[in-house]
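Any read-out appearing in this document is the output of simple, stated calculations on the displayed coordinates, not a laboratory observation. If you're wondering where the values come from, they're calculated on a predicted model, not measured in any experiment. Note: ideal-geometry Cβ built from the backbone for every residue, glycine included; neighbour counts use all protein chains shown.
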Amino acid sequence: MKAAAIPVLETPRLRLRPHVAADFEALATLWADPEVTRHIGGRPSTREESWARMLRYGGLWRICGFGYWAVEERATGRFLGDLGFADFQRGMDPPAPAMPEAGWVLAPHAKGRGVATEAAGAALAWLGRPCFCIIAPAHAGSLRVAAKLGFRQQGLARYREDEVAVLVRPG
């Protein structure tokens, strides 16, 4: 699938678009921030890991028909974060639901402004079917966003060494 086939979604303030090579520095900075990754894997990503993540984002669209978008501010074009859907084939106990997994991560300068809720709302409308997400139980901000979007906790699961909340949105 070519990048042009990935849908571009717009909200009053935001544009969700395919990642491009020019996003790499902002994406690598985002994923290298210990505060950003504290509840997502627990450690900052290297540049190499961030590059692999960006490549994986593009591959998801080709293999699954859904994937991650770069979130940018429409007025300025500033990169705000990553958001979308995946099938990561996670080794969770109990197993992950058989549906797309939603996820979002924002740069610190984008937090507290309703960006995650606005962007994810547009993405969920595009997806139009049930999905789930996993969130660290201590990540209060993401749990609030998930609740606003209609996700409901179904239980806890073990993923790698961590306990995660499993939340499902009916669609």
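Cα-Cα pairs above 22 Å in the chain: how many percent?
Working: 5835 of 14535 pairs.
The share of Cα pairs beyond 22 Å in the chain comes to 40 percent.
Name the residues whose placed amide hydrogens come within less than 5 Å of the amide hydrogen of ALA70, ignoring near sequence neighbours (fewer than 5 apart) on the same chain.
Those qualifying (amide H under 5 Å, at least 5 residues apart or on another chain) are ARG17, HIS19.
If you take the C-alpha gyration tensor of region 51-124, multiply each eigenvalue by 5 and take the square root, what semi-axes do you get, largest first, in whole Å? Present the calculation step by step, with values, prior to reporting the outcome.
Numbers: eigenvalues 113, 41, 25 Å².
Semi-axis lengths for region 51-124 are 24, 14, 11 Å.
Quick one: which of 34-44, 66-76, 159-169 comes out on top by average Cβ neighbours within 10 Å, and what's the full order, highest first?
On the way: 34-44: 14.2, 66-76: 19.4, 159-169: 16.4.
The packing order, highest mean first, is 66-76, 159-169, 34-44.
From the phi of every residue in region 85-96, what ³J(HN,Hα) in whole Hz does the Karplus formula 6.51 cos²θ - 1.76 cosθ + 1.60 yield, where θ is phi - 60° and glycine or proline is x?
Whole-Hz 3J(HN,Hα) from phi for region 85-96: 10, 8, 10, 8, 6, 5, x, 9, 10, x, x, 5.
For the chain, what does the helix formula give at 222 nm: sum of -39500 (n - 2.57) over DSSP H segments with n ≥ 4, over the residue count, nearest 500 deg cm²/dmol?
On the way: 5 runs with 53 residues, N = 171.
After summing the helix terms and dividing by the residues of the chain, the value is -9500 deg cm²/dmol.
If you bin every alpha carbon distance in region 121-171 into 10 Å steps from zero, what whole percent lands in each bin?
Pair shares across the bins are 26, 52, 20, 1.
Karplus couplings for region 57-70 from phi (6.51 cos²θ - 1.76 cosθ + 1.60, θ = phi - 60°), rounded to Hz, Gly and Pro as x?
Karplus-based 3J(HN,Hα) across region 57-70 equals 4, x, x, 4, 4, 5, 8, 9, x, 8, x, 9, 10, 7 Hz.
Give the residue from ALA22, TYR159, GLY141 lying farthest towards the positive end of the charge dipole for the chain; charges sit on Cβ (+1 for Lys and Arg, -1 for Asp and Glu) and the dipole is referred to the Cα centre.
Selected residue: GLY141.
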